[in-house]
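Student: Here's a structure for you.
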Amino acid sequence: MPDESYETARSLWEKYRVLTHELLKFVDEDEIDTFIALVEQREHLVNLLKELPSDSYRTGMEWAAYDAEVRPLEMQIQYKARAWLNRSRRQNAAVHSYDLTGASPLGGNLNRRY
């Protein structure tokens, strides 16, 4: 029969799994603000897992199935988050390419009417 620390670890890992699925959903929908909030929640769970005296769930029989489910999801999340970041950087660079703040002051003469 599993002990209390096993059940605590199992519960935290289950919450981690649910958050991982939600992260994938929100990164697919480009809901980045919600995505970032969920990343922070998941980071809090990781900190709680690190504070456990022992994580007996990771040595249990259920861990292999859990790991096989979550690991590919995490890889997808990383790939999609990087793709979003690169896309965002390109869009930001395109917007800033139209800034005239660094342009020559002579360019202002073209806008005047004589």
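Student: Would you be able to tell me the number of residues in the stretch 16-41 that are closer than 16 Å to Asp67 by Cβ and either out of contact with any Leu (no Cβ under 8 Å at 6 or more places or on another chain) or among the basic types (Lys, Arg) (or both)?
Tutor: The total comes to 2.
Student: Now, a different point. For the stretch 19-45, what are the residues that are in contact (Cβ under 8 Å) with a residue 24 or more places away in the chain and either polar (S, T, N, Q) or open to solvent by 40 Å² or more (accessible area, probe 1.4 Å) (or both)?
Tutor: Result: Thr20, His21, Asp28, Asp30, Arg42.
Student: Continuing with the same structure: Could you tell me whether Ala68 is more than 17 Å from Trp84 (Cβ to Cβ), hydrophobic (A, V, I, L, M, F, W, C) and open to solvent by 60 Å² or more (accessible area, probe 1.4 Å)?
Tutor: Yes.
The values are calculated or read from the model by the stated rules, or taken from the named source; none is laboratory data. Remember, it's a predicted structure, so these values are computed and weren't measured experimentally. Neighbour counts are summed over all protein chains in view; Cβ atoms, including those assigned to glycine, are modelled from backbone coordinates with ideal geometry. These area figures cover heavy atoms from the full protein model, side chains too; ligands, DNA and RNA do not enter into them. Shrake-Rupley method; radii C 1.70, N 1.55, O 1.52, S 1.80 Å.
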